[in-house]
Amino acid sequence: MAEPRLTLNSVSYALPNGRLLFSDLSCTFRPQHTALVGRNGVGKSLLARILAGQLEPTSGSVTATGLVHYLPQNPLAAAPHASVAALAGMETALQALIRIEQGSSDAQDFEQLGERWDIRQQFQAMLAQIGLPELAPQTPASQLSGGQAMRVALAGARMSTADFLILDEPSNHLDATSRTALARDLAQWRGGLLLISHDKVLLNAMQAIAEMSTSAITVYGGSYAFYEQAQRQQSRNAQDELTRLKLERSRAEQALRNQQERQNRRQARGDRIGKSGNQAKILLDANKERAQGSGGKLAAQHAATREALNDSVREAAQALQRQVDWQADSIHWHLPEGLGTQTDRIVAELSEVQLPYTAAHQPLNLVLRADQRVAICGPNGCGKSTLLRVLAGQVKPLAGQRRMQGRFALLDQNQSLLQARLSVLEQLQAASPRTPESLQRMRLAQLGLDARHITQPSALLSGGERLKAAMAVALYADENAQNALPLLLLDEPDNHLDLPSQQALQALLVQYPGPLLVVSHDEALLQAIQLTHRLNWMGDGWQLMGV
């Protein structure tokens, strides 16, 4: 059997609005563990779908040798009405087994089941292994938390007979224990793997890094640490080349000036001789014409030389800027000034609240004040996202009361604050009608959302771009210019951000002067953002603890 491969043949993709996202990409992925990296919005997730055969490229083609199993970054959003068995990719085989047990002799049922006569037992063993033995195949996947859904989907991927796994941000929504298990399971996977992730633990376990830009895919052998080292060396090389070309231009400019001065001196001597009257007029006129012609040619040569030198320096500067852009923070926020926090002001309160969708536990009593920065900590399925949705009024508690005082903004895992059909600019204008459009455009550009992004429907943006847009709509609302900043309810805010943007988000949350309540499994982020408290799940209830 031929070696499994995934090959891109001059693949291009244009968005529905006609904008070309990437073009002429050619690359072959062999059965090794490869990470696909690149800036938010470059089209990594779309390329993954094209490689998996779920999306047709605008031009070019994909050649796949072997079976491919694709896992999107949000399995629940991709299949909101699916069962747990469908989420694991095992529903078709399980249903075929049921029909065969009921007497079916349809050849298609036997083909779908294959040799997996114990698939029912395999399914239950899989659920027990990931800590969800109580689930049944027909359980609606919508009853699962984001982390639980990802664990089920990942377990199904591992049990598949695929030659290649394509995983898009698989560690998103996973708690620390599940992330450790994911890293272990991927290390044991012997097939081909194409991983889209910003998780450095996973990236450093890869055998190769494929860097994607709008016009090329460049493959680096080695882990992400090796790739970062190569990027730093390329930056140093680009800086050295720019310095060399600037010095070369300076020396060439001096040589041109010296040549021009010699030409001017020769011209001046000729003028003095002419004025002395020692030569005939016809000869003087001829000499003058030759001098003018020579001077004109010299000026043209100098102009061409200078243009070539400037072009070389400009190209070197652009090459350096591309390196700097990859490593630089891509979020730049300007928060309203003069907003002091009233430390004694209550911003949210829960009294004797019983959360839905979770096992019965002690009622939750919680008071949040304007100077508090709280992390909600606990394993997948304990109700962290549900707690945020109760605070935001999107879900009613089974019992108890919720009171919010002042403005708040929920930035959930799907950025539902945004309306999919409207552009970012339209939604920011609706939130801040008193703000000049030029200022709105500048603020969005400082978040890495340029004119191409802000005028297209929000649904076409990448996950990281949608997060930036949602935060802009929440924080740049006109009300914030006069009133206190809103309570931020953040559910896994860094899940879809590239690494530079994660660093910039961290810097934003550090400087944010308003109250915040954040769900995250990234302990590095929580350690950095200067928490005042943690709301910890204790197994039978919640407990607020000072940091």
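Nonpolar atom fraction for the chain, defined as the carbon and sulfur part of the 1.4 Å probe accessible area, stands at 50 percent.
Legend: residue pairs Lys246/Lys297; Lys200/Lys396; Lys246/Lys468; Lys200/Lys384; Lys384/Lys468, Cα-Cα distance threshold 30 Å; pairs beyond threshold, Lys200/Lys396; Lys246/Lys468.
Over the residues of the chain, the helix contribution to mean residue ellipticity at 222 nm works out to -14000 deg cm²/dmol, using -39500 (n - 2.57) for each DSSP H run of at least 4.
Comparing Met471, Val68, Pro137 along the charge dipole axis of the chain, the residue lying farthest to the positive side is Met471, per the Cβ-charge model.
Taking all protein chains as they are arranged and a probe of 1.4 Å, the heavy atoms of Asp24 leave approximately 90 Å² accessible to solvent. The dipole here belongs to the stretch 381-524: it is taken about the Cα centre, uses +1 on the Cβ of Lys and Arg and -1 on the Cβ of Asp and Glu, and is about 500 debye.
Beta-bridge orientation, the chain: approximately 50 percent antiparallel, per DSSP, counting only bridges with both partners inside.
Ranked by solvent-accessible area (1.4 Å probe, protein heavy atoms only, all chains present), the residues Thr435, Thr180 order from largest to smallest as Thr180, Thr435. Put Ile50, Ile130 in order of accessible area, highest first, and with a 1.4 Å probe you get Ile130, Ile50. Among the listed options [x] 119, 70, 38; [y] 70, 64, 49; [z] 75, 64, 41, the one matching Cα extents along the principal axes in Å as calculated from these coordinates is [x].
Taken about its Cα centre, the stretch 15-126 carries a charge dipole of about 640 debye when Lys and Arg each add +1 at the Cβ and Asp and Glu each add -1 at the Cβ.
Would you work out the charge dipole size for the chain about its Cα centre, treating the Cβ of every Lys and Arg as +1 and the Cβ of every Asp and Glu as -1, and quote it to the nearest 20 debye? Computed about the Cα centre, the dipole is about 2780 debye.
Residue ranking by accessible heavy-atom surface, 1.4 Å probe, largest first, among Arg314, Arg443, Arg49 comes out as Arg314, Arg49, Arg443.
Simple spin-label estimate for Leu20 and Thr7 gives 2.4 nm between the two label positions (7 Å along the Cα-to-Cβ direction from each Cα). If you take the Cα centroid of the stretch 392-421 and the Cα centroid of the stretch 51-122, the two points sit 35 Å apart.
The figure for Glu315 is an accessible area of roughly 120 square angstrom, using a 1.4 Å probe on the protein chains alone. Counting Lys +1, Arg +1, Asp -1, Glu -1, what net charge surrounds Leu55 among other residues with beta carbon under 15 Å of its beta carbon? My count for the surroundings of Leu55 gives 0. Just add up the charged neighbours of Leu444: K/R +1, D/E -1, any other residue whose Cβ is under 12 Å from the Cβ of Leu444. Charge balance in the 12 Å sphere: 0.
Accessible area per residue for the chain is 48 Å², calculated with a 1.4 Å probe on protein heavy atoms, without ligands, DNA or RNA.
Fraction of C-alpha pairs exceeding 27 angstrom in the stretch 1-147: 42 percent, rounded to a whole number. In the neighborhood of Leu488, defined by Cβ-to-Cβ distances under 11 Å, what is the net charge if each Lys or Arg adds +1 and each Asp or Glu adds -1? Charge balance near Leu488 sits at +1.
The values are calculated or read from the model by the stated rules, or taken from the named source; none is laboratory data. Because the structure is predicted, anything quoted here is derived from the model rather than measured. Glycine gets a Cβ as well: all are built from the backbone with ideal geometry, and neighbour counts include every protein chain shown. Just the protein is used for accessible areas: all its heavy atoms, side chains included, with ligands, DNA and RNA removed. Shrake-Rupley method; radii C 1.70, N 1.55, O 1.52, S 1.80 Å.
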